[in-house]
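*Asks:* Take this structure, written in structure tokens, and hold onto it; I'll ask about it next.
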Amino acid sequence: MKTRVQVVIVEDIETDADLLARHLGKSSLECVFHRVQTEPHFRQALRELGPDLILSDFSLPQFDGLRALEIAVQQAPETPFIFVSGTIGEERAIDALRRGATDYVLKTNLSRLSAAVERALREAQLRRASRSAEQKLRDNERRLHDTVETSQDWIWELDAHGRIKFCSGAVAAILGYDPHELIGKDFRTYLHPDEQANAAALLPSAGQTHLTGAVARWRSASGQARWLERNVVTIRDELHRPIGYRGADRDITVRRDQEARLQRLARTYRMLSSTSSAILRLRERGDFLEEVCRIAVQQGGYERAVIALMDPDAKVLRAHASAGADSQTLRLIDRAALDTGPQSAGMAARALRSGAPAVYNDLAAAQPPVAHREALLAQGYSAAAALPLFVDGTVIGVITLFSAQREVFNDAEVPVLLELTANLGFALQYLEKDQAVQFLSYFDGLTGLAKRALFCQRLGRMMSADAVGGRSRMVVVFDVQQLGAINDSFGRYIGDRLLERIAARLKRAYADPESVGYLGGGTFALTLADAGNAADTGRLLQNAAAQLFIEPFDIDEHQLRPAVRSGVALYPHDAASADALVQNAEAALKAAREDNERYMLYGFVTQRPTSRSLALEARLAGALDRGEFLLHYQPKVDVADGQMHGLEALLRWQDSQEGLVPPSLFVPLLERSGAIAEVGEWVLQQAVSDIRRWLTAGFPGLRVAVNVSPLQLRRRDFVDRVLRRIDAAVQRPAGVDIEITESMLMQDIELSMRKLAQLREAGIGVAIDDFGTGYSSLRLLARLPVDTLKIDRSFIQGISDMPNGVTLVSTIVSLAHAFGMQAVAEGVETVEQLRSLHRIGCDQAQGYLFARPMPAAQVPAAITRLAAAAPAGR
């Protein structure tokens, strides 16, 4: 109870009010008194003081006590109201109590006033506490009700017999039932028939209080099965006896389906890998085919596998190997299914006629019906697929797979099975008893492509034919850049799978299997007839690379975008023999690596002045001390409003003898010598200096992106070096950002991310340059402390040149936005490209369409020009 009590006394006689105050002063209460005589003053006191107690005379000259009571009941119904009067009679007192008064005390008996007041205050406090508790209870009940009804989980309560007492509305979305209809029903009624025997496992056993993670199938209102995961608690009475259960069921059907598909896909990949090993391990064709069937059953998870090959003489299919379930009925079905007549409805016949997989994911519902469908269903099969086997483009057989599960041959599994059949066809071409050793000598076991010796042998035959026909020929040797980094970062297994996928794309892209080879170490070779002149060759290479590598390689949750570098040699211009032509292509590839070019023709290699390169490297050693480096800036423009929002700093070398040297010539030399780190720090310092000058000239808010080399990023004190170079006067929105490549991160992912996070905390933005040419996985991208993705210029060129160009760039932009990053397009050269970028929501762009790289002194004029041109450009 409050010890300091605000008391309003309604009394016209001041001495009577003082008397009341003296009596209450003898109690334990500390009172503050406020005397009023009129109705307006009484209302004001109630409004402003919020009193704890009202003492009122019954009869007043200007004011009536009952009127005061009426006002108090309206304005302060929680405040105790006690009449203190010498004239109130018993009837009036009872009437006053009925109207809301708390008590009455006669002025002739003020000795009971303190007790009456304390009791009234105590009762008022109890009423307030009770109402507060009731309100909290109602709030909690409302909160619980809202939580239950908005939860996506099905929340329920059962009695001790399993009958449903409470059911949340989520059951309608999960199982399709009206929650009111389920009340009083046994929950077991709605279980899938296959789960009825295990229904007891869905409730806590005797002595158990909680049950978590119980999974079972349920029968929905539509008849479909749904997987629910259950958490339950036992309700007990005061004697700890179970009287019911409360719990929640969560729909995990989608998750279960995804897990099942991933498990099946993993088994299929294991089957593919084991089959590849069997190709190298087994010499006899019969043993090999039996092993493939065994692998399909034991590792692939199929109930039965049958391989049948065409008899070229009889022109019929004959079963050569099988594994899994076997019976007289199945053997009869096999023989009937191998019927390849023009009217046959068998799976094998369909695969042979179409040259495409014959897939039946639901044998019971297949239309038209599969031959011998009833017999297959009786054997317990629900799905089947017949996949043709090819050798040199000709169907020579079929592998048929049977499964007890429906929908197993999905969009993810069928492509893997097609890789399997490609390997089988390849093996069947060369695995003939004692030819296994010859196969290993001439073919690469990982990619299935011809090794150098066989490739050169085949190339020699083609060159002989070209000589007779007067045709030219091109040999391209290309390697996968950063293959070592991929192996180090993701494991050799991922690198091998990447090489396999590249080989598979080459096989699909070039119909003649003899035109492609593998030279080892991530280096591939291919030959094309009628090469044309050097310019045509360059365009041909660019188009071929775009088609082969425009789509990323998805391998075990990693999305890889490998870049390739190529060397090209032409027949008869560069060499007259196959070995020499391949060697010259390799020399061109080496030169392309040294000059940091995407491809190099051998004819250009022979013209490269080695002495010039050595002289350049010698002069480059002192270029920084002589002040020969300078920065050019290329604007980055907002795609939506055309305004310039920043620039990229680009390093240039003004050589005293040759003038402006292309970066492709001197940057690799700087990286090879290690001087790139010192030059990189100069770039950072110069960029800050230029920003200060632009700020002074009245151009605020410019941010400059500076490229960072791998050698800089690997330095232990990289962050300190960068922060020391940043001038304190250059604050946001102006400032410096850094750009790195995807491959730089992979050298030490965790350390690199910590350094980048420290820079971001200091207000320095981070961008990934040339995004899409490396191999960032989505999981890694989500963790990177990065603000911007810069889309490589090769993808921007493909917006108008390639059918899927817009889709690819749109995917990268959506990916950037999904991770809270900006997307910047590099190499924008045409209005059509800009319009496409605007439609797909790209944030910024840079390229010759807006401005070429320029010295720092020209930047203010470029800002003004772009600002003026922006409205017209939209």
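*Asks:* Kindly check whether there is at least one residue in segment 414-421 that is within 34 Å of the chain's Cα centre (by Cα), part of a strand (DSSP E or B), within 12 Å of Pro357 (Cα to Cα) and in contact (Cβ under 8 Å) with a residue 24 or more places away in the chain.
*Replies:* Scanning segment 414-421 turns up no residue that is within 34 Å of the chain's Cα centre (by Cα), part of a strand (DSSP E or B), within 12 Å of Pro357 (Cα to Cα) and in contact (Cβ under 8 Å) with a residue 24 or more places away in the chain.
*Asks:* Would you call Gly820 open to solvent by 10 Å² or more (accessible area, probe 1.4 Å) and at positive phi?
*Replies:* Against the criterion (open to solvent by 10 Å² or more (accessible area, probe 1.4 Å) and at positive phi), Gly820 qualifies.
*Asks:* I've got another one for you. Could you check Val688 against (1) within 23 Å of Ala861 (Cα to Cα); (2) at pLDDT below 90 and say which number it fails?
*Replies:* In the conditions (1) within 23 Å of Ala861 (Cα to Cα); (2) at pLDDT below 90, Val688 misses (2) alone.
*Asks:* For Asp313, are the conditions met, namely being closer than 24 Å to Thr394 by Cβ, of a type outside the set (A, V, I, L, M, F, W, C), modelled with pLDDT under 80 and open to solvent by 30 Å² or more (accessible area, probe 1.4 Å)?
*Replies:* yes
*Asks:* Please verify whether Ala705 is open to solvent by less than 10 Å² (accessible area, probe 1.4 Å) and modelled with pLDDT of 90 or more, treating the condition exactly as stated.
*Replies:* When the stated conditions are applied, Ala705 passes them.
*Asks:* Within segment 849-874, restricting attention to residues that are part of a loop (DSSP other than H, G, I, E, B) and touching a strand residue (DSSP E or B) at 6+ places or on another chain (Cβ under 9 Å), which residue is surrounded by the most Cβ atoms within 10 Å (Cβ to Cβ)?
*Replies:* Going through the qualifying residues, I end up with Phe850.
*Asks:* Suppose the filter is among the charged types (D, E, K, R) and in contact with a helix residue (DSSP H, G or I) (Cβ under 6 Å, 6 or more places away or on another chain); does Arg142 pass it?
*Replies:* no
*Asks:* Another question, if that's okay. Counting residues that are free of Cβ contacts under 8 Å to residues at least 12 places away in the same chain, open to solvent by 50 Å² or more (accessible area, probe 1.4 Å) and farther than 23 Å from Arg565 by Cα, which helices (runs of 4 or more DSSP H) fully inside segment 591-680 reach at least 2?
*Replies:* In segment 591-680, 610-620 are the helices (runs of 4 or more DSSP H) which contain 2 or more residues that are free of Cβ contacts under 8 Å to residues at least 12 places away in the same chain, open to solvent by 50 Å² or more (accessible area, probe 1.4 Å) and farther than 23 Å from Arg565 by Cα.
*Asks:* Let me ask another. Select from segment 811-836 the residues that are acidic (Asp, Glu) and either in a strand (DSSP E or B) or touching a Lys or Arg at 6+ places or on another chain (Cβ under 8 Å) (or both) and list them in ascending order.
*Replies:* Passing the criteria: only Glu826.
*Asks:* Same structure again: Of the residues that sit in segment 127-184 and are touching a residue at least 24 places away in the same chain (Cβ under 8 Å), farther than 27 Å from Asp237 by Cβ and among the charged types (D, E, K, R), which one is most open to solvent (accessible area, probe 1.4 Å)?
*Replies:* By that ranking, first place goes to Arg128.
*Asks:* Now for a separate question. Can you spot a residue in segment 522-545 that is in a helix (DSSP H, G or I), modelled with pLDDT of 90 or more and buried (at least 17 other Cβ atoms within 10 Å of the Cβ)?
*Replies:* no
*Asks:* Restricting the search to segment 1-48, which residues are open to solvent by less than 50 Å² (accessible area, probe 1.4 Å), of a type in the set (A, V, I, L, M, F, W, C) and farther than 19 Å from Ala76 by Cα?
*Replies:* Ala17, Leu20, Ala21, Leu24, Leu29
*Asks:* I would also like to ask the following. What are the residues in segment 391-417 that are open to solvent by 50 Å² or more (accessible area, probe 1.4 Å) and modelled with pLDDT of 85 or more, if any?
*Replies:* Within segment 391-417, none qualify.
*Asks:* Let me ask something additional. For Ser810, indicate whether it is under 20 Å from Gln846 (Cβ atoms) and of a type in the set (Gly, Ala, Ser).
*Replies:* Criteria met by Ser810.
*Asks:* For segment 554-590, give me each residue that is within 34 Å of the chain's Cα centre (by Cα) and either at negative phi or crowded, with 18+ Cβ neighbours inside 10 Å (or both).
*Replies:* Residues satisfying the conditions are Asp554, Ile555, His558, Gln559, Leu560, Arg561, Pro562, Ala563, Val564, Arg565, Ser566.
*Asks:* In this structure, does Leu330 turn out to be over 20 Å from Ala383 (Cα atoms), open to solvent by less than 40 Å² (accessible area, probe 1.4 Å) and at pLDDT below 80?
*Replies:* Criteria not met by Leu330.
*Asks:* What are the residues in segment 463-487 that are closer than 25 Å to Ala591 by Cβ, open to solvent by 30 Å² or more (accessible area, probe 1.4 Å) and in contact (Cβ under 8 Å) with a residue 24 or more places away in the chain, if any?
*Replies:* Result: Ser472, Gln481, Gln482.
*Asks:* Let me ask something else. Name the one entry in Asp103, Asp95 that is of a type in the set (D, E, K, R), in contact with a strand residue (DSSP E or B) (Cβ under 7 Å, 6 or more places away or on another chain) and closer than 27 Å to Thr38 by Cβ.
*Replies:* Asp103
The values are calculated or read from the model by the stated rules, or taken from the named source; none is laboratory data. A quick note: this is a predicted structure, and the numbers were derived from the prediction, not measured. Backbone-built Cβ (ideal geometry, glycine too); neighbour counts: all protein chains shown. Remember, those area values only see protein heavy atoms, side chains included, never the ligands or the DNA or RNA. Shrake-Rupley method; radii C 1.70, N 1.55, O 1.52, S 1.80 Å.
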